[in-house]
Each structure stands twice: as structure tokens, then as C-alpha cells.
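Here is the structure we will look at.
The values are calculated or read from the model by the stated rules, or taken from the named source; none is laboratory data. All figures in this text were calculated on a predicted structure; none of them were measured in a lab. Note: ideal-geometry Cβ built from the backbone for every residue, glycine included; neighbour counts use all protein chains shown.
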Amino acid sequence: MTERDDAARGRVVVGVDGSDSSIQALTWALEVATAGGRTVHVVTAWPEPGEVFIHEVPGHFCETRARAVLVQREALDIALERAGRRPVAITVDVANARPVDVLVRAARRGDLLVVGAPRPTIPPRHHDQVGESCSRLSPCPVVVVEPTPTAVG
């Protein structure tokens with residue numbers, strides 16, 4: 001499958017950090033993509049906010065990156081089970097970058113960007129900034145998925 005094939009069918013880009021709201025956003029993105037025959041591109045940025053930014057050294061194990069890969073894989077497993085069906089194709093990216101930067105960059109090759117809404121109990125710092133910044137900077141429409149009562153842990 002080529003990027004041209006993705007563009008013809010549509011590509012849903014979704015940001016995942018392992019939180020309940022990001023898993024809800026991923027589930028929603030999978031359902032929408034499946035219904036429309038679109039590809040889903042799952043993006044996870046590392047390190048997490050508040051952690052020291054580490055530049056990855058090619059060929060060397062990086063625990064922070066490995067943790068991000070595991071978080072993404074677990075979130076995808078949960079969301080696929082909730083969605084019940086698979087979209088045409090799923091691609092993944094774990095990027096050593098700020099979440100907004102990597103999501104906006106990925107959105108250039110998408111026709112929809114999906115992120116989870118922050119939980120009301122979380123100070124409106126990181127998640128709000130990601131959703132708001134993506135809404136301002138994304139070249140494609142942005143959907144912020146509100147968590148459902150069953151999705152909040």
C-alpha cells in the first residue's frame with residue numbers, strides 16, 4: 001500500500017499516550033476508519049511531558065522509547081477489542097518529539113486528526129495544550145473525543 005492509496009481512501013491520524021481518553025479517541029478513530037474504508041495511523045510521542053527530553057542513539061536500547069512502544073501496543077489492543085473490527089490498514093509511529101509537533105506533521109498526510117479530551121481532574125496544562133494547539137496548527141480537521149463514563153478509569 002502506498003501513500004497515494006492512503007490518500008485515495010482517507011487516513012485518520014490519532015494521538016495515543018496510553019491515557020483513558022487517548023484509548024477512547026483511538027477506539028473512535030478505528031470505528032470511523034472501518035466504516036469509511038480508511039487507514040488509521042497511530043502516533044505516540046516520547047518522552048512524556050515532564051520527563052527529560054532524550055535524543056535517541058541509533059542502535060542503542062532506549063528504555064523511554066521501549067516504554068512508549070509498549071504503551072502504544074497495549075492501547076491499540078484495547079481499542080481494537082472495543083471497536084470490534086479492523087480498518088483497512090493500521091500504521092504506527094513512535095516519535096522522539098513533542099506531541100503537538102509529531103501530530104501536526106503526521107496530519108499533513110491525513111484527512112482527519114483525532115485526539116482525546118483531557119479528564120476534568122487533570123490540570124489543563126498538557127492535554128489542553130495538545131488539543132488546542134493541534135486545532136490551531138493542523139492542516140486537516142481535528143476531532144477531540146470526549147471520554148465516555150465507561151472509558152474513564
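Looking for something of a type in the set (Val, Ile, Thr), surrounded by 16 or more Cβ atoms within 10 Å (Cβ to Cβ) and either within 21 Å of Leu113 (Cα to Cα) or at pLDDT below 80 (or both) - is there at least one such residue anywhere in the range 58-78?
yes
Which residue is surrounded by the fewest Cβ atoms within 10 Å (Cβ to Cβ), if the candidates are limited to the range 2-22 and must be modelled with pLDDT of 95 or more and of a type in the set (A, V, I, L, M, F, W, C)?
Val12
When the range 83-92 is examined, which residues are found to be of a type outside the set (A, V, I, L, M) and surrounded by fewer than 16 Cβ atoms within 10 Å (Cβ to Cβ)?
Matches in the range 83-92: Gly84, Arg85, Arg86, Thr91.
Could you tell me whether Ala25 is part of a helix (DSSP H, G or I), of a type in the set (A, V, I, L, M), modelled with pLDDT of 95 or more and within 13 Å of Pro99 (Cβ to Cβ)?
Here the answer is yes, as Ala25 does meet what is asked.
Does Ala117 satisfy the criteria of being modelled with pLDDT under 95 and surrounded by 15 or more Cβ atoms within 10 Å (Cβ to Cβ)?
Yes; evaluated as a whole, the condition is true for this residue.
Pairs, please: C-beta under 6 Å, at least 6 apart or cross-chain, first residue farther than 16 Å from Asp111 by Cβ and in the range 130-141, second among the β-branched types (Val, Ile, Thr) and surrounded by fewer than 20 Cβ atoms within 10 Å (Cβ to Cβ)?
Going by the 6 Å Cβ cut-off, the qualifying pairs are Gly131/Val144.
I'd like to verify a number: residues in the range 85-107 that are part of a helix (DSSP H, G or I) and hydroxyl-bearing (Ser, Thr, Tyr), how many?
Of the residues in that region, 0 qualify.
Is it true that Val92 is within 20 Å of Thr34 (Cα to Cα) and among the hydrophobic types (A, V, I, L, M, F, W, C)?
So Val92 passes the test.
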